[in-house]
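Just so it is clear, none of the values below were taken in a lab; they were calculated from the coordinates. Note that the structure is predicted; figures quoted are calculated from it, not measured.
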Amino acid sequence: MPSKALGNLTERLADIDQLLNAHTAITKFKRAEQAATQAGGQLAQVAQVIHALVSNPGAGKPREVDAINRAAFVLSLAHFQGFVDELHAELGTIMLKGKAADPAAVIKLVKPARSNPHVNIINQMFAGIGVYELMESIRWQRCDNKTVKTRLTNYLETRNKIAHGSKEAIRKSKVVQLKQFVEILADKLDEKAATKARLILGKAPW
């Protein structure tokens, strides 16, 4: 059974699907607009316009979809950060029950001021509620622990560049890869957090 935090993340990532759909729609429209111009009003060539509207548009030109790609990239990581914060609070409330008079206050106290979800920040946050080295064994097929950490770091660095005004070139394929990475990493973190908590609590936390 997953945590509430993971369920919330799944719902929020639908935002990314909407942005990717907007990417496709804009690219289709641009293709159709170009086809209509080339048709020059000739009825025989209207099929070109219809084809452009209904077929897979492929990659969009940067000037048409860059803003959507950057927005989707940043939002994916914002949703991941929200997941980490919610998982920390959810698990902390359970782990600190009966140990602290005000678990919420302790959870807030042990959360670093800079909470961008870098590897060391995630480890520090969860160590503060008694769950240690959460990121140290996260891996999956064709993605060992070192690669997981490196990819997360690189994604976060790119997000920070975009947030500070850098015109990073982000293609739709990179957004799709990031979304998949966030989904798998969140699932693995949720599973690992539950496993570690079970060893301490003697039962599953959720």
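So here's what we get for this one:
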| read-out | value |
| --- | --- |
| Unsatisfied cross-links (Cα-Cα over 20 Å) in the set LYS111/LYS203; LYS108/LYS192; LYS111/LYS167; LYS4/LYS161; LYS99/LYS203; LYS149/LYS188 | LYS111/LYS203; LYS108/LYS192; LYS111/LYS167; LYS4/LYS161 |
| Nearby aspartates and glutamates by direct alpha-carbon distance to LYS196 (threshold 13 angstrom, same-chain neighbours under 8 apart not counted) | GLU133, GLU136 |
| Shape of region 103-206, Cα gyration tensor, a/c cut at 1.5 | oblate |
